[in-house]
Structure formats: C-alpha cells, structure tokens
Amino acid sequence: MWNTVTFSRGLYGKPRNDAFTEELLKRLSLWDKRKTIMMHLSGGMKRRVMIAKALSHEPAILFLDEPTAGVDVELRRDMWELVRKLRADGTTIILTTHYIEEAEEMADRVGVISKGELIAVDEKMALMAKMGRKTLDIMLTEPLAAIPAELSDWTLHLEDEGHALCYEFDSHAERTGIASLMRRLGELGIAYKDLSTHQSSLEDIFVELVHRPPPEGAGAA
C-alpha cells in the first residue's frame with residue numbers, strides 16, 4: 001500500500017517525500033497497514049487509500065466528491081480533521097456532500113443544488129445570517145392545550161405536549177416582538193419557568209430552499 005501511494009505521487013511529477021507520505025498515512029490511520037497489499041485491505045481501508053492517493057501529490061485544488069459517503073464514523077472524523085488542515089495550509093477544496101452537518105462544519109462558501117439547478121451560493125456565515133431565523137423557546141409552568149387567540153399576532157407553535165411555546169423571529173429586525181409577547185403572556189396569566197433561543201442550522205436553511213416554491217412564471221415558455 002505504501003508503494004501505491006508513492007507511485008501516485010510520482011505520476012504527478014512530485015519527487016519522493018517519505019516524511020510527507022508517512023504523515024499522510026498516519027493522519028488517515030493507514031500507517032499500521034503500510035506494508036499490506038491492496039487486495040488484503042477491508043473496504044473502509046481501501047477508501048482511505050483512495051483518499052491518500054488523491055492527496056499524495058499535495059494538490060493546490062482538491063475535488064472531493066462525497067468522500068465520506070458510506071464510511072464509518074472514525075474515517076469521517078479523520079477526513080474532517082484532514083480537510084481542515086489542508087484548508088488552513090491554503091488548499092482550495094471543492095466538496096460535494098449530502099451530509100449538511102459536514103458542509104456546516106467545514107465549508108467557507110456553500111452552494112445548494114436542487115433538481116440540477118444551483119439555487120443559492122454564498123459565504124456560509126452570510127447565508128446563515130441572511131436566511132437563518134431564531135426561535136425563542138418558552139418553557140411553560142403549566143401546559144397549554146392550544147394557543148390562545150389573544151396571541152395570534154405572533155407566529156407561535158406548541159411543542160413538548162404543550163409544555164413549550166415556540167416563537168420564530170427575525171433577529172435582524174428592528175423589533176423582534178419578544179418584549180411585547182412576554183408582556184402579553186403576563187397579561188394573560190401564562191407563567192413560564194425558562195427561556196432559551198436557538199439559531200436555525202444550515203440544514204434548516206437547506207430544507208427551506210429546496211422546498212421553496214419557484215418564482216411566479218418560472219419555467220414558462
């Protein structure tokens with residue numbers, strides 16, 4: 001297997017560099033198998049060798065097409081760590097993945113493809129700031145069977161069998177509506193014991209984008 005990786009490096013005109021190859025194999029947990037011939041490796045180990053071959057010549061631009069699809073958790077973790085190091089070293093990486101958490105973890109810039117069409121592309125943080133929304137979770141002292149009509153001015157829904165009242169709001173708006181909602185709850189005698197907020201994830205944004213109806217007139221001849 002060592003020869004396979006060093007041969008791949010040579011195909012790209014790179015001089016032999018045993019120190020680099022050793023570090024690469026160790027990062028991919030292949031060092032102990034360096035003397036094993038390919039046909040005796042497991043499927044997961046063969047996948048690791050394929051990745052090592054792709055990285056053997058220290059490419060400036062690296063295309064990774066679903067590199068962690070169908071692999072074990074350990075290899076996925078190793079791949080994430082390796083990609084982060086390559087990115088820090090200045091390598092440009094084009095990564096396709098169906099794992100949204102993978103894109104959120106590693107990507108600087110994200111493109112979303114739906115039905116063969118690129119429907120969004122932006123810096124990851126800009127995309128999350130632009131499309132992401134926050135949710136205020138209000139843990140109620142007593143559960144509600146339904147949302148009172150007096151709260152219809154706010155976009156609310158119940159969770160946890162009525163124990164949690166959830167309010168989705170735009171954190172970039174001049175007025176979020178939180179203060180007025182809390183006042184209204186007090187006026188209605190609806191007590192709560194805890195508050196928390198959470199930001200929508202990249203996966204939430206992805207789902208919203210791919211299920212968003214097309215603009216009016218799209219697809220018309």
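Values quoted throughout were computed directly from the atomic coordinates according to the rules given, and no laboratory measurement underlies them. What you see is a predicted model; the values in this text were computed from it and never measured. Note that each Cβ is placed from the backbone with ideal geometry, even for glycine, and that neighbours are counted across all protein chains shown.
Checking (i) -0.27, -0.62, -1.23; (ii) -0.50, -0.81, -1.15; (iii) -0.62, -0.89, -1.15 against the coordinates, the calculated log10 I(q)/I(0) by the Debye sum over Cα atoms at q = 0.08, 0.12, 0.17 Å⁻¹ falls under label (ii).
Each of D170, D78 was scored by other Cβ atoms within 10 Å of its Cβ. Listed from fewest to most, they are D170, D78.
Positive contributions from Lys and Arg (+1) and negative ones from Asp and Glu (-1), summed over other residues with Cβ under 10 Å from the Cβ of R9, come out at +2. The trypsin sites (Lys or Arg not before Pro) of the range 27-107 that DSSP puts in a loop, and whose beta carbon has at most 11 other beta carbons within 10 Å, are K35. Exposed loop sites here mean GluC sites (Glu not before Pro) with a DSSP loop assignment and at most 14 other beta-carbon atoms within 10 Å; the chain contains its longest site-free run at 1-160. Taking Cα atoms only, the orientation of helix 178-187 departs from the longest principal axis of the chain by about 40 degrees. Between 0 and 90 degrees, the angle of helix 73-88 with respect to the longest Cα principal axis of the chain falls at about 80 degrees. In the chain, the longest principal axis of the Cα atoms and the axis of helix 43-55 are about 80 degrees apart. DSSP beta bridges confined to the chain are antiparallel in about 80 percent of cases.
Judged by the gyration tensor of its Cα atoms, with axes a ≥ b ≥ c, the range 8-92 is oblate; a/c meets the 1.5 cut and b/c is at least as large as a/b. Between D65 and K46, the simple spin-label model (points 7 angstrom out along Cα→Cβ) gives 1.7 nm.
So, counting K/R as plus one and D/E as minus one, what does the shell of residues with Cβ under 12 Å around L181 add up to? Counting the neighbours of L181, the net charge comes to -1. Go through K53/K124; K26/K124; K85/K124; K85/K134; K124/K193 and tell me which ones have a Cα-Cα distance over 23 Å in this structure. Check vs 23 Å cut-off fails for K53/K124; K26/K124; K85/K134; K124/K193.
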